[in-house]
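> Here's a structure for you.
The values are calculated or read from the model by the stated rules, or taken from the named source; none is laboratory data. Keep in mind it's a predicted model, so treat the numbers as computed, not measured. Here Cβ is always computed from backbone atoms with ideal geometry, including for glycine, and neighbour counts include all displayed protein chains. We work out accessible area using only protein heavy atoms, side chains counted, and drop any ligands, DNA or RNA first. Shrake-Rupley method; radii C 1.70, N 1.55, O 1.52, S 1.80 Å.
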Amino acid sequence: MKKVVILLLFIAFVSCKTDQGTSYTGDFVYYADAAVFQIGNDVHGVVLNDKVDTLAEQAKQFQNEPTDMVKVEVLGELIPKKDNEEGWPFKLKINKIVSVNALDKNKNDVIKLGK
């Protein structure tokens, strides 16, 4: 019985260490030192970390313009903004990249400024 309890505690400890957050699927863009993640009608800022840099690099192969969004699935956590911060109510901290794909060609509604 003692071995079973120790095994269960070990499994619980290991599973807590490998939990990288909730799965989020949405549209992502990183441009001019800012990243945005859109899930349906909800828009979230993204915490800039090494995962965002990696995701931005992977996204380039699916973008025609640097401002094109890509479809991504990530593991992460939504963090509420602090009272004294500007921006969206939540920021997404990306802990793991699951997949990166091109957006449906009919969905890429990008507003182009300039030329």
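> Checking Ala102 against (1) under 17 Å from Ile39 (Cβ atoms); (2) at pLDDT 90 or above: exactly one of these is not met. Which one?
In the conditions (1) under 17 Å from Ile39 (Cβ atoms); (2) at pLDDT 90 or above, Ala102 misses (1) alone.
> With the requirement that a residue be out of contact with any Pro (no Cβ under 9 Å at 6 or more places or on another chain) and surrounded by 12 or more Cβ atoms within 10 Å (Cβ to Cβ), what does segment 88-100 give you?
Taking segment 88-100 first, the residues out of contact with any Pro (no Cβ under 9 Å at 6 or more places or on another chain) are 88, 92-100.
Once the filter is applied, which keeps residues that are out of contact with any Pro (no Cβ under 9 Å at 6 or more places or on another chain) and surrounded by 12 or more Cβ atoms within 10 Å (Cβ to Cβ), segment 88-100 yields Trp88, Leu92, Lys93, Ile94, Asn95, Lys96, Ile97, Val98, Val100.
> Also, I was wondering about something else. Can you name every residue in segment 78-96 that is more than 13 Å from Gly45 (Cβ to Cβ) and touching a Gly at 6+ places or on another chain (Cβ under 8 Å)? Walk me through how you get there before you give the answer.
Within segment 78-96, the subset more than 13 Å from Gly45 (Cβ to Cβ) is 83-84, 95-96.
Hits for segment 78-96 are Asn95, Lys96.
> Do you know which residues across segment 17-31 are over 17 Å from the mean Cα position of the chain (by Cα) and either open to solvent by less than 100 Å² (accessible area, probe 1.4 Å) or at pLDDT 90 or above (or both)? Break it down into steps so the answer makes sense when it comes.
Taking segment 17-31 first, the residues over 17 Å from the mean Cα position of the chain (by Cα) are 17-18.
Result: Thr18, single match.
> How many of the residues making up segment 61-83 are touching a residue at least 40 places away in the same chain (Cβ under 8 Å) and surrounded by fewer than 12 Cβ atoms within 10 Å (Cβ to Cβ)?
1
> Regarding segment 63-70, can at least one residue be identified that is assigned to a strand (DSSP E or B) and at pLDDT 95 or above?
Here is the first cut: in segment 63-70, the residues assigned to a strand (DSSP E or B) are 70.
With at pLDDT 95 or above added as a condition, the list becomes 70.
Yes, because at least one residue in segment 63-70 is assigned to a strand (DSSP E or B) and at pLDDT 95 or above.
> For residues that are farther than 15 Å from Ile39 by Cα and basic (Lys, Arg), scanning just segment 72-99, find the one that is modelled with the highest pLDDT.
Lys96
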